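The values are calculated or read from the model by the stated rules, or taken from the named source; none is laboratory data. None of the values given here were measured: they were computed from a predicted structure. Cβ placement follows ideal geometry from the backbone for every residue including glycine, while neighbour counts extend to all protein chains displayed.
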Amino acid sequence: MHRATRFHSGDKDRRRAGQILRRRIAAFSAATIFAIGVLVAEAVLNERDAAIDRAGTEAANLAAGFEERIRSTLDAAPDLKQRLEAGTSTFSLDGWKSVARDLFNKQQKVVLGESGAIDLIRTDGVRLARYTAAGGVDTATDWARDVPEGILGAARGTWDGAYSSRDATDGIARLYRWRKVLGYPLIIAVGLGRGEVLAPSNLQARIVIGLGIAALSLPLIMMFMLNREISGRVESAIALDEESEKVRNEHAALLSISEELAEERMKLRRMNIELIREKRRAEEANEAKSAFLANMSHELRTPLNAILGFSEIIRDKLLGKDVDRYAAYAADIHRSGAHLLGIVNDILDVTTIEAGKLELREERVRVTALIHRSVITLREQASSGGVHLSGSVHDSGASIYGDKTKLKRILINLLSNAIKFTPPGGQIEVGAEAEPDGDGLCLRVRDTGIGMTGDEIRRALELFRQVDNSFSRRFEGAGLGLPLAVKLTELHGGRLEVISAPRRGTTVAVHLPASRVIWDSSIVPKRQLEDVPFKIAS
């Protein structure tokens, strides 16, 4: 009774520990998502504020330049200056209109954008002239209704300032910088269209938000996977403890039985040995999980750093107007995102297969075409590694009834591993041949790479395990390629065989059953023909 109570207490402790760990993972993921969201929001707001500041500086510079030109013109015309200072009651607009039109025609060389405007306003609120990109020069006088009353009052004590308003004439919202003309009762207001000013920052904001959403999905995926893994481990440990406790009780009872039950005792001993093996497998699986998480952190961090680094360069326009460099960095961001997507797809495929939910879309697949497409796909990777890749097949009209995408995935994974573990100058050959007994088909990949020991082969066939070798770091990878090929082969009713020795290369054979193979007797009645080579990559 005491032992049973202790056993159930241990189950509760394990479940409680699992719940605590899941909560911590959820809290960490939430903190990460919050931090990413804050960074994205801060980047968007900073870019918006910077755009407004740049527009204000540009408008202030334009106002200063125009103020200098007006002052020079009025200093050269004393009579016009006296009439201007006298006010509307004695100021004749006939001479002023020609002067204002000449000033604004010279100002047309300044780039104001499609919605920019320059207003010349007297300090009593009368607009004397206006220039817009759309309407040109307008010397019709009118009250400047869109200028805030506080600006006219402030002009009596200060020389410049800023305001934003929607123009009463054309309805365009603008950001204005105003400046008094030194020695004259005039105010210059330069306005830049708010929509044009914020257009670049809005585009940058959409890019940053899109990248932020992509980054937010990664913590969610990792949290889901880790929580499911923890739940599975806890339940497996509890089930293992239950089985161990059951065996121990039975063993204690059998010790008191006579020699007639010796055979039964031997069975229990064998069960104990098997339990020890299962425990060892569980420990090895836990080690594999730790190694997988360490490797995945590197595989995810590297492309994420590239995405963040290049996007910051594009966002901050550190290279000025070098569009080609920005395009190249955008391409690097795309490649990093595609790499992350490939890792996630591999993990999801393994998870789907483990759950027994992966369905095959079966059709008739020509063997020669399958091998040819696989070689073409990896031609550039083999060339980059200095490896000679070739393919040949007995063109016996053989076809495989299976999932074309999954079959190609098997060959792609095997060829990628061969390229990864073959030093420059090595040879890789992929081919297909009938089984010796005449039934079934064998897809075979041979390389002259570094090879593996028996223990390394066992580790390479396990999920989330990698053979630790210096060559394996030439290309990225999460240790899922070979195990995924094994799973996909088994889904087709076949088996995968690895033959290797250190420094002697590796041969991987995919044996498919006769039920999956279709022979075209009209091409070769006896299934025998010369090898038909096709274009290779080196």
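Let's see how each residue does on (1) at pLDDT below 90; (2) surrounded by fewer than 21 Cβ atoms within 10 Å (Cβ to Cβ); (3) among the polar types (S, T, N, Q):
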{"site": "N469", "(1), (2), (3)": "yes, yes, yes"}
{"site": "G479", "(1), (2), (3)": "yes, no, no"}
{"site": "L482", "(1), (2), (3)": "yes, no, no"}
{"site": "L488", "(1), (2), (3)": "no, no, no"}
{"site": "R495", "(1), (2), (3)": "no, yes, no"}
{"site": "R503", "(1), (2), (3)": "yes, yes, no"}
{"site": "T507", "(1), (2), (3)": "no, yes, yes"}
{"site": "H511", "(1), (2), (3)": "no, yes, no"}
{"site": "S515", "(1), (2), (3)": "no, yes, yes"}
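Please count how many residues of region 208-225 are β-branched (V, I, T) and more than 22 Å from K317 (Cβ to Cβ).
Going through region 208-225, the residues β-branched (V, I, T) turn out to be 208-209, 213, 221.
Narrowing further to those that are more than 22 Å from K317 (Cβ to Cβ): 213, 221.
Result for region 208-225: 2.
Anything in region 213-246 that is more than 30 Å from the chain's Cα centre (by Cα), in contact (Cβ under 8 Å) with a residue 12 or more places away in the chain and exposed (fewer than 15 other Cβ atoms within 10 Å of the Cβ)? List them, or say none.
S236, L240, D241, E242, E243
Across region 174-215, which residue is farthest from A51 (Cα to Cα) among those that are of a type in the set (G, A, S) and assigned to a strand (DSSP E or B)?
Going residue by residue through region 174-215, those that are of a type in the set (G, A, S) are 183, 189, 191, 193, 195, 199, 201, 205, 210, 212, 214-215.
Narrowing the set further to residues that are assigned to a strand (DSSP E or B) leaves 189, 191, 193.
Working: A189: 19, G191: 14, G193: 12 Å.
Looking at residues that are of a type in the set (G, A, S) and assigned to a strand (DSSP E or B), I get A189.
Filter region 160-170 down to the residues that are assigned to a loop (DSSP other than H, G, I, E, B) and either modelled with pLDDT of 80 or more or surrounded by 13 or more Cβ atoms within 10 Å (Cβ to Cβ) (or both) and list them by number.
Initially, region 160-170 is screened for residues assigned to a loop (DSSP other than H, G, I, E, B), giving 167-170.
D167, T169, D170 - these are the residues of region 160-170 that are assigned to a loop (DSSP other than H, G, I, E, B) and either modelled with pLDDT of 80 or more or surrounded by 13 or more Cβ atoms within 10 Å (Cβ to Cβ) (or both).
Looking at R127 and the list (1) assigned to a helix (DSSP H, G or I); (2) modelled with pLDDT of 70 or more; (3) in contact with a Leu (Cβ under 9 Å, 6 or more places away or on another chain), which single condition is not satisfied?
Of (1) assigned to a helix (DSSP H, G or I); (2) modelled with pLDDT of 70 or more; (3) in contact with a Leu (Cβ under 9 Å, 6 or more places away or on another chain), only one is false for R127: (1).
Out of curiosity, is V430 β-branched (V, I, T) and touching a Phe, Trp or Tyr at 6+ places or on another chain (Cβ under 9 Å)? Show your work before the answer.
Numbers: β-branched (V, I, T): yes; touching a Phe, Trp or Tyr at 6+ places or on another chain (Cβ under 9 Å): no.
So V430 does not fit the description; no.
For region 381-449, please list each of the strands (runs of 3 or more DSSP E) lying entirely inside it that holds at least 1 residues being closer than 18 Å to V498 by Cα and under 34 Å from the mean Cα position of the chain (by Cα). Give the derivation first.
Details: elements: 388-394, 398-403, 427-434, 441-447.
So the answer is 427-434, 441-447.
Suppose we keep only residues that are of a type in the set (A, V, I, L, M, F, W, C) and surrounded by fewer than 16 Cβ atoms within 10 Å (Cβ to Cβ) within region 346-405. Which one would you say is nearest to P513 (Cα to Cα)? Steps first, answer last, please.
So the first thing to find is which residues in region 346-405 are of a type in the set (A, V, I, L, M, F, W, C), and the list is 347-348, 350, 353, 355, 358, 360, 365, 367, 369-371, 375-376, 378, 382, 387, 389, 393, 398, 400.
Now restrict to residues that are surrounded by fewer than 16 Cβ atoms within 10 Å (Cβ to Cβ): 348, 355, 360, 369, 376.
Working: L348: 27, A355: 24, L360: 16, A369: 20, I376: 26 Å.
Of everything passing the filter in region 346-405, L360 is nearest to P513 (Cα to Cα).
Is it true that some residue in region 285-293 is among the basic types (K, R) and either touching a residue at least 12 places away in the same chain (Cβ under 8 Å) or part of a helix (DSSP H, G or I) (or both)?
So in region 285-293, the residues among the basic types (K, R) come out as 289.
From the residues that got through so far, the ones that are either touching a residue at least 12 places away in the same chain (Cβ under 8 Å) or part of a helix (DSSP H, G or I) (or both) too are 289.
For region 285-293, residues among the basic types (K, R) and either touching a residue at least 12 places away in the same chain (Cβ under 8 Å) or part of a helix (DSSP H, G or I) (or both): present.
With farther than 22 Å from L341 by Cβ, in a helix (DSSP H, G or I), outside the structural domain of A460 (by TED's automatic domain parsing) and of a type in the set (G, A, S) as the only criterion, which of A306, A239 stands out?
Numbers: A306 fails: farther than 22 Å from L341 by Cβ.
Residue meeting the stated conditions: A239.
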